[in-house]
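Okay, structure first, notes after.
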Amino acid sequence: MSALSYYQNDERPAWQATVTVNGQADNMASGYNFEVKVYIDPTAPLLTKTTNIAGAAGGVVTVTWATGELNLAPGIYTAQLKATRVSDSADWTITEKLLIKPRA
């Protein structure tokens, strides 16, 4: 799987992730809370985000980056998305590598 790739301080495109549990996709359109963390060291996230994250049918979750959120030093990070079901607090976590490239 290839990494998410952005130039430093990009805002687009949104990260569109698909959350599946045992190969099955839930309808993520309602009944879930979402959190994104970006980190090199998971004990010290550089970004924690709970806004501008929207779920949809088919397990799709879209993370829209706000101004300045990806103003990170060039390098390879981990982007972690956690979806928590409101009814029972059960959660699912997926991760992607995040490559931040320097602007010329």
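Tabulated data for the structure shown
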{"read-out": "The range 21-53, residues that are β-branched (Val, Ile, Thr) and out of contact with any strand residue (DSSP E or B) (no Cβ under 8 Å at 6 or more places or on another chain)", "value": "43, 51"}
{"read-out": "Extreme residue, modelled with the highest pLDDT, among residues of the range 50-59 that are more than 11 Å from the chain's Cα centre (by Cα) and either more than 10 Å from residue 34 (Cβ to Cβ) or of a type in the set (A, V, I, L, M) (or both)", "value": "56"}
{"read-out": "Residue in the range 70-88 that is closer than 16 Å to residue 27 by Cα, touching a Phe, Trp or Tyr at 6+ places or on another chain (Cβ under 9 Å), crowded, with 16+ Cβ neighbours inside 10 Å and among the basic types (Lys, Arg) present", "value": "yes"}
{"read-out": "The range 82-104, residues that are touching a residue at least 60 places away in the same chain (Cβ under 8 Å) and either more than 16 Å from residue 45 (Cβ to Cβ) or within 12 Å of the chain's Cα centre (by Cα) (or both)", "value": "83, 92, 94, 96, 97, 98, 99, 101, 102, 103"}
{"read-out": "Condition check for residue 79: closer than 17 Å to residue 4 by Cβ, touching a helix residue (DSSP H, G or I) at 6+ places or on another chain (Cβ under 9 Å) and either without any contact (Cβ under 8 Å) to a residue 60 or more places away in the chain or not hydroxyl-bearing (Ser, Thr, Tyr) (or both)", "value": "no"}
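The values are calculated or read from the model by the stated rules, or taken from the named source; none is laboratory data. As the structure is a computational prediction, the values presented were derived from the model and not from experiment. Positions of Cβ are generated from backbone atoms using ideal geometry, with glycine treated the same way; all protein chains shown enter the neighbour counts.
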